[in-house]
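Since every read-out is calculated from the coordinates, none of them should be taken as a lab result. Keep in mind it's a predicted model, so treat the numbers as computed, not measured. Neighbour counts run over all protein chains shown; Cβ positions are idealised from the backbone, glycine included.
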Amino acid sequence: MDFSLENLNIETIIIFSINFVFSFILFLLLISNRSKVKKLKRKYNRFMSLEGERNLEELLNIIMDRTDSIISENKEIDNRITNIDKKLVNCIHKVGVIRYNAFENMGSDLSYSIALLDSNDNGIIISGIYSRDSSSTYAKPIINGNSKYMLSEEEVQALNEAKKN
């Protein structure tokens, strides 16, 4: 086999040139990739060691412990809220107040009816009747929005006002 230039044909020269160009491009890509890998290793090592502080594994363990603690606290809070919601149904939060003049000869609206109801419209109506000589207070129980006692017009108004709330 003789390797003189005379024996080389044009096809061989083209193939050799193409191989050389591809090899050169691959060499440049290799240098570029090595540089990028070196930067990534540096970042990875810095991230993992955190320069003298805790390493990533310790931080992840701390975060997992805190997460478990937060989940436990949230369950407790949910249970408390559920209990409060159950108790709130029976708390008075619907109020209706009507002031009125019980007797025509009195000067102002000194008499009143107050309806105090829970979520199920259970509660009480308290009425105070004021006259010149005396003052009387009455209470009537309310069950499911109704009373077994006869209600005055003002007590019905107070009850209806409370039911709107």
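Can you give the FRET efficiency to the nearest 0.05 for D133 and E153, using r as the Cβ-Cβ distance and R₀ = 25 Å? Each step should come with its number before you reach the end.
Numbers: r = 23 Å, r/R0 = 0.92.
The calculated FRET efficiency here is 0.60.
Give me the number: length gained by fully extending N33 to N165, i.e. 0.36 nm times residue separation minus the C-alpha to C-alpha distance, one decimal in nm. Before the final figure, lay out the partial values.
Details: separation 132, 0.36 × 132 = 47.52 nm, distance 7.13 nm.
40.4 nm is the gain from fully extending N33 to N165.
Efficiency by 1/(1 + (r/R0)^6): what FRET value for R66 and L88, r their Cβ-Cβ distance, R0 = 25 Å, to the nearest 0.05? For R0 = 25 Å, the calculated efficiency reads 0.20. Around the Cα centre of the chain, unit charges on the Cβ atoms of Lys, Arg, Asp and Glu (plus for the first two, minus for the last two) sum to a dipole of about 460 debye.
Sort out for me the Cα centre separation of the stretch 20-39 from the stretch 88-165, rounded to whole Å. For the stretch 20-39 versus the stretch 88-165, the Cα centre distance is 90 Å.
Pairs of alpha-carbon atoms within less than 8 angstrom and 6+ residues apart define the contacts here; what relative contact order does the chain have, in percent? Normalised by residue count, the contact order of the chain is 15 percent. Compute the Rg to Rh ratio over the chain from the alpha carbon atoms, using the Kirkwood formula for Rh, and round to two decimal places. Value, to two decimals: 1.77.
For the stretch 94-105, putting each phi into the Karplus relation 6.51 cos²θ - 1.76 cosθ + 1.60 with θ = phi - 60° gives couplings of 10, 10, x, 10, 10, 9, 7, 9, 6, 10, 5, 8 Hz, in residue order, rounded to whole numbers and with x for Gly and Pro.
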